[in-house]
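Notes follow once the structure below has been shown.
The values are calculated or read from the model by the stated rules, or taken from the named source; none is laboratory data. All of these numbers come straight from a predicted model, not from anything done at the bench. Positions of Cβ are generated from backbone atoms using ideal geometry, with glycine treated the same way; all protein chains shown enter the neighbour counts. Calculation scope for accessible area: heavy atoms of the full protein, side chains included, ligands and nucleic acids excluded. Shrake-Rupley method; radii C 1.70, N 1.55, O 1.52, S 1.80 Å.
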Amino acid sequence: EPPPAEPPRQAPGQQEQHLHLMMQLLRPQDAIRLAVRLESARPRRVRYLLVVRPDEEGAEAETALLGVDFAHEGAARCTLGMVLPLWSDTQVFLDGDG
């Protein structure tokens, strides 16, 4: 049986470009606290999960999870696929093998 195909490598600087494009989706006072690239069911699509919160003091109550999609690795724009506000009693479970 042939070895599994290696996933496509990210071009140098591609992650920085993705972060720049994702920042353009946010309000000026928002900041990305965490960005995680996810595996996608579609081979070419690139997906990220972001934890976003305003830079203001005491703004922890406004934290949200954002799902961001790029059509392909070198895409010049991204779309917002999910917005999930995190409240003090919110529990988030990420399940799957990705």
TODO: Being at pLDDT below 90 and small (Gly, Ala, Ser) is the filter; apply it to the range 58-70 and report the residue that is surrounded by the most Cβ atoms within 10 Å (Cβ to Cβ).
DONE: Ala59
Task: Scope the range 13-57; condition open to solvent by less than 60 Å² (accessible area, probe 1.4 Å), in a loop (DSSP other than H, G, I, E, B) and of a type in the set (A, V, I, L, M, F, W, C); matching residues - done: Leu26
TODO: Specify the residue that is modelled with the lowest pLDDT; the eligible residues are those in the range 75-88 that are in a loop (DSSP other than H, G, I, E, B) and loosely packed, with under 13 Cβ neighbours inside 10 Å.
DONE: Ser88
